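Encoded as structure tokens, the structure appears first; notes follow it.
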Amino acid sequence: MNRRLLLLAPSLLATSALAQRAAGPPGAALTDRDRADLARVEAYLNNLTTLRARFLQIAQNGASAEGTAWIWRPGRMRFEYDPPEPLLLVADSGQFLMYDRELRAPTTLLVSQTPLGILLRREVRLSGDVTVTRIERSGGFLRVSMYRTREPGEGLLTLVFNPEPMELRQWSIVDAQRRETRVTLSRIETGLRFQAGLFQFNDPRFFEPGGLGAPQGG
């Protein structure tokens, strides 16, 4: 079924709990140009406060889903999938909430235990506890692949940027089973003001008809 997308939300994040422990690929031998580009990427991400964009997510089997993404650095993210996909993904207060509206099933995991959490750090540094494995320049884009040094089994994260001017356009995650999930951004807006409630970590069942917060008879 399209809506499952190989367990769409978990594959988007990848976690060490879902992946086998394994040694990560070696770090890249960086040139002076590589170091300069990494410094530009760090500066861009650390200066990025808010972002809203449409996204297209493609799973390993080619299944796809679309929706709207919000990022409010540090620490906050929301993925709202277009119908008929019933999935919602919210990051706040150090946790990701993955919620299936159809099954009414919430799952939580720590932001710090996912490769995507690198994007949400207060200060992004692509060294030390982050190992950069490859820097590629092709097709007019800059691609930087990395993983959390101590947890290579979480997955390999690749960020894709338009280098001039610097702008995040895509990311992909390859998990321990070598399944890739790719997210491409379009209609990107930055510097917006968001309502904090958009990212509040509350169980959506409290806000749905007949949900946990609905009045009870009797």
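At least 3 residues being over 13 Å from Ser145 (Cα atoms), among the aromatic types (Phe, Trp, Tyr) and more than 17 Å from the chain's Cα centre (by Cα) is the threshold, and among the strands (runs of 3 or more DSSP E) wholly inside the range 156-205 not one reaches it. Among the residues of the range 34-56, the ones that are under 22 Å from Glu136 (Cα atoms) and of a type in the set (S, T, N, Q) come to 1 in all. Within the range 133-154, being acidic (Asp, Glu), surrounded by 14 or more Cβ atoms within 10 Å (Cβ to Cβ) and either touching a helix residue (DSSP H, G or I) at 6+ places or on another chain (Cβ under 6 Å) or part of a strand (DSSP E or B) (or both) holds for one residue alone: Glu154.
So is Arg52 in contact with a helix residue (DSSP H, G or I) (Cβ under 8 Å, 6 or more places away or on another chain), within 21 Å of Ala196 (Cβ to Cβ) and surrounded by 14 or more Cβ atoms within 10 Å (Cβ to Cβ) or not? So Arg52 does not fit the description; no. Tell me yes or no: at least one residue of the range 204-216 is modelled with pLDDT of 90 or more, among the hydrophobic types (A, V, I, L, M, F, W, C) and touching an Asp or Glu at 6+ places or on another chain (Cβ under 7 Å). No, the range 204-216 contains no residue that is modelled with pLDDT of 90 or more, among the hydrophobic types (A, V, I, L, M, F, W, C) and touching an Asp or Glu at 6+ places or on another chain (Cβ under 7 Å). Strands (runs of 3 or more DSSP E) fully within the range 72-123 that include at least 1 residues being buried (at least 21 other Cβ atoms within 10 Å of the Cβ) and either of a type outside the set (A, V, I, L, M, F, W, C) or in contact with a Lys or Arg (Cβ under 9 Å, 6 or more places away or on another chain) (or both): 76-81, 87-92.
The values are calculated or read from the model by the stated rules, or taken from the named source; none is laboratory data. All values derive from a computational prediction rather than experimental measurement. Cβ coordinates were reconstructed from backbone atoms using ideal geometry, including for glycine residues, and neighbour counts include every protein chain displayed.
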